[in-house]
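Below you'll find the structure, written out as structure tokens, and then a few comments.
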């Protein structure tokens, strides 16, 4: 029995779509991410990146791929860098996977890796403006322009951030506008007056208050805050909806079933 | 550019602006130890950074500015460099060594003395060195020396002549070899080897010194102590641990305690299928000389303790004691690091390890006191979760001795003794390093791999490899069986280690296991899958001898009975004198109360610790139900953390702590009662069951060989026993850190305030009924639970006025236990809306915190406070009488609540108001009136001011 078993509330259905939670040395949100997927109706398997590189057919056999949070390879040489270089051995298979419409979700460190892999575009995730790691609950809003079905039924959501390198830095001055125009800005940090650049509502100092972006097709989503930390009763603090993050995982399972 | 095949790349942020004062710019420096081929350079550049964020170049020409390069000493762990080397190996460049550091540029016009001063400030000489290149100098002079030279060392042991030495010569030998053994111990060693008619080898002597050390064998806590106290007949105490601490656990005999004092961590039942383990360690001295590395490896060490009981780490807790952040430079003791720098380093070190391993840091405390300036205290605790009944702990002869994780190096060898002197850079470099630097990802790999091996039943026993290295870990595991060890098989970071250095290395991130030969293949496959190096270095034998060989020749052959039972019981003397009385300050006039309250809320001890705590991930693993900051604004300081260890269990665990060294200065016995009372208050306030609470002791004290220091330790241990028994809360684990003293320039030694930390873990029967401290709704009733006395002695309020007082608060143990039980029953049976324990700053601060956390007001009448009649106003407002809670109850439940509290002191003292005013009166007269916004501003101010860390 592992702690994952401790988390398993009900045995997953045999016909549930298979999800891969891809982990690396230093990934540390893989268990709760697998739990969130199972709560949403998937069968989740935590697979080590080296194992997937050796057995690429596992990728093809899955219906969705999630890159969880953590400090893969210690964030050495930049968050997500070394993990992405390992995953890059599967670049062609991964591109086919995305082209087939199957969903890919990157959370925090997973978002950083998706950026390094080029599966998401328009910027990079740099060190927080504050210069340090920060853990706090934030409010996020989906802009009206966002198109990804992975955020269906979400307008406004409270989730925790916990990162040292979460500041979205656009590749060019007009990149945020282009991303927004293309429907790819998926979530923004907000305060009472809407999207904000101000600390601590925007805890990283992200350009355009960007907290999550998707690809143009909407099946690849990178999100800096942690939806898997708000899927069970009691996880959300006072005044925030308990379990709200589960919606994202349900959307993932729905898309996996449709693709 | 540089010789010997080393070259380097500088990586600069695209956004980095020069420092506004010095015009300094900073780059990362990556030094490569391999010939610079076009292919290798391309591979290195591809790994250097992200073009959106950074740019980089191979350093190929002199710069026209001053260059200050900071690189780790050879041998000091450089996890980033190791990762870089691994990545290069995976790209087809195996064996390339990489070191990483910083490269600072300063304008050519900067005067040289300014450059030198800055260089010194940019480098921590214990672990790294700075090199200065003048404008136009050829770069790279120091690059090659960042790598460990590839030289070999003799493999044989040295005989240490000991037979026939007199006591003075033995004393000198112990000192010169840094054995830290007193002469009685040296005589015992001598007579043992006299019987064997031979001298010991260096490795034997070192093994004995480690095994018998204070750190490993708790000699003081096992010593016979002759205790002297005025008015009390002299008593002989036959071991503090046995007489007081373990005795309390035995008297309580709680059936839900699964392991107390036997394993690396204490273990209790959690539900039917699970067990929870808890251990708290200190890492004081390493943190004093290198705050980041010391705190970093402190966390790593205690996490391994929990893995040593086959558990998975699920939460961390950190209690930190520093000198005052406002200390002026001239008051800083020579050789000490300023408290603000200390806070920044320790906080970064803790965050780096806990965050990277993905263990939420959920509870803690930060204290500031001048007594900690030279000797800061860093307590690191870890909670573990494991399935019941899968904690293998019996070595079987024939099992392989397996070491997993990191490799041996010079890290931390004799760290404790070396650290008592100031080291210069050359000395450090020649030693490799006495300071350990951690690599949390190596430990994370171990944490991923061990549960797999546990669940497959692949090992018979496991322990952490910490202080004393293999000598201590293998020695302890082999204490019943004996073992044969081949040092040639121990993986090392670099060549050139002497046999005793391999044996004693305190290199981080290692565990030792007993693996049956039949399981070895599968065990090593599991480890390989998770990227954990695993090596069989010998066999547990059954001969009762610890035999170590190097290059085929024995270098140690020790009788394990002598090793583990041969240390003489020490005899120590202690005296205890109650402190002399000092005048109490005048009573506070009523009109000052508002200012006094605001000033207390802004006190570094009371004010929010957000600036520190938010650097730690408290949410990872998704188990944190009761968070460090609570309420709709996420600013209320929670009394205790509440965890949901297992998603489909109703119950949870609360984690709290009690610590207050000010009381110890008045009465260490009372301090122990108060610390246990506080730890229990914390966990009970959030819904923990006082009858299902286990506690841990951590004693940080001065030199126990001095009778006055030891006297206060004896009193504190007596208090621990009496309170634990009265509350029915068994000790399940503990640790002591002694000799926390520093020498003033005039030769006088000063001890830290004797500091007792009590950590509590408590079962929360139903998480749905957990309670938080912010006020919840206007109109509800506020009850004060517990009696108030004239208890300003040792209070925060008096300390702000420069007065300690003469008498510590006394705990009425039976009433306190009844109060905790009654409150817990009420929480289970009725709706308790909010609850906060009264501690630093007393009633006024507790009520203010409940209000500011919620944005609601309240009105209190302190004439109604139980026990307040005849007490001065300031004692009622700010006194720190123990065993008290402020409880918010809905009006419809108020009567039922009162009924539940029939047998304990309890009064309705106020109501919650919607108007955001905080008002306190006596009878009809309101004498304290301010807005909740003012309270909040006072409480939140220090986030960005004065704590060495900005928000």
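State yes or no: is residue B:810 surrounded by fewer than 23 Cβ atoms within 10 Å (Cβ to Cβ), away from every other protein chain (no Cβ under 14 Å) and assigned to a loop (DSSP other than H, G, I, E, B)? Taking the combined requirement at face value, the residue satisfies it. In segment B:43-106, counting only strands (runs of 3 or more DSSP E) that sit wholly within it, the ones holding 1 or more residues that are under 30 Å from residue A:207 (Cα atoms) span B:54-58, B:97-106. Go through the residues of segment A:10-19 one by one and say whether even a single one is modelled with pLDDT of 95 or more, surrounded by 16 or more Cβ atoms within 10 Å (Cβ to Cβ) and within 14 Å of chain B (Cβ to nearest Cβ). No.
When A:90, A:59 are checked against the criterion of being more than 9 Å from every other protein chain (Cβ to nearest Cβ), in a helix (DSSP H, G or I), touching a helix residue (DSSP H, G or I) at 6+ places or on another chain (Cβ under 6 Å) and over 18 Å from residue A:211 (Cβ atoms), A:59 stands alone in meeting it. Identification of helices (runs of 4 or more DSSP H) wholly contained in segment B:836-951 with 3 or more residues that are crowded, with 20+ Cβ neighbours inside 10 Å and in contact with a helix residue (DSSP H, G or I) (Cβ under 7 Å, 6 or more places away or on another chain) yields B:842-854, B:873-878, B:932-940.
Listed by position, the helices (runs of 4 or more DSSP H) contained in segment B:116-229 that have at least 2 residues being under 27 Å from residue B:75 (Cα atoms) are B:167-176, B:202-211, B:214-217. Residue A:146 meets the conditions (1) within 10 Å of another protein chain (Cβ to nearest Cβ); (2) in a loop (DSSP other than H, G, I, E, B); (3) modelled with pLDDT of 95 or more in every case but one. The failed one is (1). In segment B:513-532, of all residues being within 31 Å of the chain's Cα centre (by Cα) and more than 14 Å from chain A (Cβ to nearest Cβ), the one that is surrounded by the fewest Cβ atoms within 10 Å (Cβ to Cβ) corresponds to B:515. Out of (1) surrounded by fewer than 24 Cβ atoms within 10 Å (Cβ to Cβ); (2) away from every other protein chain (no Cβ under 14 Å); (3) farther than 21 Å from residue B:380 by Cα; (4) in contact with a strand residue (DSSP E or B) (Cβ under 6 Å, 6 or more places away or on another chain), the odd one out for residue B:562 is which? Of the numbered conditions (1) surrounded by fewer than 24 Cβ atoms within 10 Å (Cβ to Cβ); (2) away from every other protein chain (no Cβ under 14 Å); (3) farther than 21 Å from residue B:380 by Cα; (4) in contact with a strand residue (DSSP E or B) (Cβ under 6 Å, 6 or more places away or on another chain), the odd one out for residue B:562 is (4). Within segment B:590-614, the set of residues being part of a loop (DSSP other than H, G, I, E, B) and surrounded by fewer than 23 Cβ atoms within 10 Å (Cβ to Cβ) comprises B:602, B:603, B:604, B:605, B:606, B:607, B:609.
Residues that are in contact (Cβ under 8 Å) with a residue 24 or more places away in the chain, within 14 Å of chain A (Cβ to nearest Cβ) and over 30 Å from residue B:345 (Cβ atoms) are absent from segment B:164-176 altogether. Considering each residue of segment A:70-84 in turn, at least one proves to be at the interface with chain B (Cβ under 8 Å from one of its Cβ atoms), closer than 22 Å to residue B:443 by Cβ, touching a strand residue (DSSP E or B) at 6+ places or on another chain (Cβ under 6 Å) and in contact (Cβ under 8 Å) with a residue 40 or more places away in the chain. Kindly check whether there is at least one residue in segment B:374-385 that is at pLDDT 95 or above, assigned to a helix (DSSP H, G or I) and within 26 Å of residue B:734 (Cβ to Cβ). No, there is no match, as no residue in segment B:374-385 is at pLDDT 95 or above, assigned to a helix (DSSP H, G or I) and within 26 Å of residue B:734 (Cβ to Cβ). Taking segment B:768-781 as the range and being outside any loop (DSSP other than H, G, I, E, B) and surrounded by 24 or more Cβ atoms within 10 Å (Cβ to Cβ) as the test, no residue passes. Of the listed requirements (1) crowded, with 16+ Cβ neighbours inside 10 Å; (2) in contact (Cβ under 8 Å) with a residue 12 or more places away in the chain, residue B:50 misses just one: (2).
Residue check: is residue B:309 over 19 Å from residue B:623 (Cβ atoms), touching a residue at least 12 places away in the same chain (Cβ under 8 Å) and not in a helix (DSSP H, G or I)? Here the answer is no, as residue B:309 does not meet what is asked. Applying the condition of being more than 22 Å from residue A:159 (Cα to Cα) and more than 9 Å from every other protein chain (Cβ to nearest Cβ) to segment A:23-43 and asking which residue is nearest to the chain's Cα centre (by Cα) yields A:24. All told, residue B:366 falls short of being within 14 Å of chain A (Cβ to nearest Cβ) and either surrounded by fewer than 24 Cβ atoms within 10 Å (Cβ to Cβ) or touching a residue at least 24 places away in the same chain (Cβ under 8 Å) (or both). Here residue B:344 fulfils each of the conditions (1) part of a helix (DSSP H, G or I); (2) within 13 Å of another protein chain (Cβ to nearest Cβ); (3) farther than 30 Å from residue B:602 by Cβ apart from (3). Selection of strands (runs of 3 or more DSSP E) fully inside segment B:645-740 by the criterion of at least 2 residues being in contact with a strand residue (DSSP E or B) (Cβ under 6 Å, 6 or more places away or on another chain), within 14 Å of another protein chain (Cβ to nearest Cβ) and crowded, with 24+ Cβ neighbours inside 10 Å returns B:652-658. Would you mind telling me which numbered condition in (1) modelled with pLDDT under 95; (2) within 14 Å of chain A (Cβ to nearest Cβ) residue B:579 fails? Unmet for residue B:579, out of (1) modelled with pLDDT under 95; (2) within 14 Å of chain A (Cβ to nearest Cβ): (2). Collect the residues in segment A:110-141 that are more than 10 Å from chain B (Cβ to nearest Cβ), within 15 Å of the chain's Cα centre (by Cα) and touching a residue at least 12 places away in the same chain (Cβ under 8 Å), keeping them in residue-number order. Correct list: A:110, A:111, A:113, A:114, A:117, A:119, A:120, A:121, A:140.
The set of residues in segment A:173-206 that are touching a helix residue (DSSP H, G or I) at 6+ places or on another chain (Cβ under 8 Å) and more than 22 Å from residue A:151 (Cα to Cα) contains only A:197.
The values are calculated or read from the model by the stated rules, or taken from the named source; none is laboratory data. This is a predicted model, so every value here is computed, not measured. Every residue, glycine among them, receives a Cβ derived from its backbone with ideal geometry; neighbour counts consider all protein chains shown.
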